[in-house]
Amino acid sequence: MSRKDFLRRTGGLLAASIVPMSLVEIACGGRGKGTHEKFTFAFISDPHLTHIKGTNFVRNFDTGLNKAIETVNLMFPRPDFVVFGGDLAQLGKREELDHGMELLSKLKVPVKYVIGEHDYYLDMGNYWQDKISKLNYSFDHKGVHFVVLNSILTYDTWIKRWKTPEERMNEMARLDNPNGSPFMVGDDQIAWLKKDLENIKSGTPLVVLSHSPLYKIYKPWNFWTDDAEKIQSVLSKFDNVTVFHGHVHQVLYNQIKNISFYALMSTAWPWPYPESYTQSPHYIPKMTVFMNRQDPFHERDGTGWAFVNMDNAREEMHYKLWENKDRIVKYDESAGHPVDSTYQKPESRILPQTHY
């Protein structure tokens, strides 16, 4: 894409400032009706701000979030709002959450917040609810119904297992952890979801925002939501549903019946795919094409941002990668699921690195 085309497509976003946030463009009146007003929202996720001591924080993670914020503020026209996708903090400390909110306060548009497990498990989300946002809620915007879910709950037996909040938080913060516990939305929240959606017409465009993926990828890393099938069942009455989630720090996309799933990248660091890291079996869908994995000598490779064009309840996801090739993923009617416009065919793919 040329610089001129890039500027036109992103509403004036500086081409020289490719940053890890996502611009979502919606004009979805539902299956050809086109009756809803077009609008955009940005998506920033997973900065993992890490407190060192005093007023010192890990500079690299601050830099990623700051670049995303600056770019949103430079956009013209500005997005209607920003979705923050979770994991503002690394260890749930008040210092980290306060620092993150101070940075996010520079945004010149409203913010819709999704909580991540790194924000939650030190005090079970109490400070988040007091100072930042509800844990689950819904809102309507220009004909589209949005639902925010707290998808990082887990079992009471696991929560009570640890002697201190810090021990609990440290255990949940690990990636490859035999002491971990799978995420879930939980029966109470599923009942709330049913109630929230009962008067929403099936043809209404529905966007669900969660932190963890609402399907099952790889359990040892907790890229997993235990009751995902229950949530998918509740969403089954709608013609088309799009779920955007963070947590996995990588390009992933999936289609399960009427639901399209898209992962957003992190502003902090990328995770490898489970297959390339562990050589273990996994549940990454066949339609997901691995991006060329990051160069370990370039700390920003594998991070990036995306913008989504969503028209007639079908989305086109543009992943913008810092030191990797851009990706365009869009729903293919003939295939019945999202496809990568360049790399879907095996002969066109760049193989993932397997040297970990």
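The values are calculated or read from the model by the stated rules, or taken from the named source; none is laboratory data. If you're wondering where the values come from, they're calculated on a predicted model, not measured in any experiment. Virtual Cβ from ideal backbone geometry, glycine too; neighbours counted across all protein chains shown. These accessible areas exclude ligands, DNA and RNA; they are computed on the full protein's heavy atoms, side chains included. Shrake-Rupley method; radii C 1.70, N 1.55, O 1.52, S 1.80 Å.
Below, the figures for the structure above:
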{"quantity": "Contacts under 7 angstrom Cβ, first residue in segment 223-247 being at negative phi, partner among the basic types (K, R) and modelled with pLDDT of 95 or more, 6 or more apart", "calculated": "V234/K194"}
{"quantity": "Of all residues in segment 64-109 being assigned to a helix (DSSP H, G or I), at pLDDT 95 or above and more than 30 Å from K142 (Cα to Cα), the one that is most open to solvent (accessible area, probe 1.4 Å)", "calculated": "R94"}
{"quantity": "Any hit, segment 218-225, residues being within 15 Å of L149 (Cα to Cα) and in a helix (DSSP H, G or I)", "calculated": "no"}
{"quantity": "In segment 81-109, the residues that are closer than 21 Å to F39 by Cα and more than 18 Å from the chain's Cα centre (by Cα)", "calculated": "L107, K108, V109"}
{"quantity": "Wholly within segment 118-196, helices (runs of 4 or more DSSP H) carrying at least 2 residues that are modelled with pLDDT of 95 or more and closer than 24 Å to I217 by Cβ", "calculated": "156-159, 165-173"}
{"quantity": "Scope segment 286-322; condition modelled with pLDDT of 75 or more, open to solvent by less than 20 Å² (accessible area, probe 1.4 Å) and part of a loop (DSSP other than H, G, I, E, B); matching residues", "calculated": "T288, V289, D301, G302, T303"}
{"quantity": "Selection count, segment 151-161, where residues are without any contact (Cβ under 8 Å) to a residue 60 or more places away in the chain and either buried (at least 23 other Cβ atoms within 10 Å of the Cβ) or among the acidic types (D, E) (or both)", "calculated": "2"}
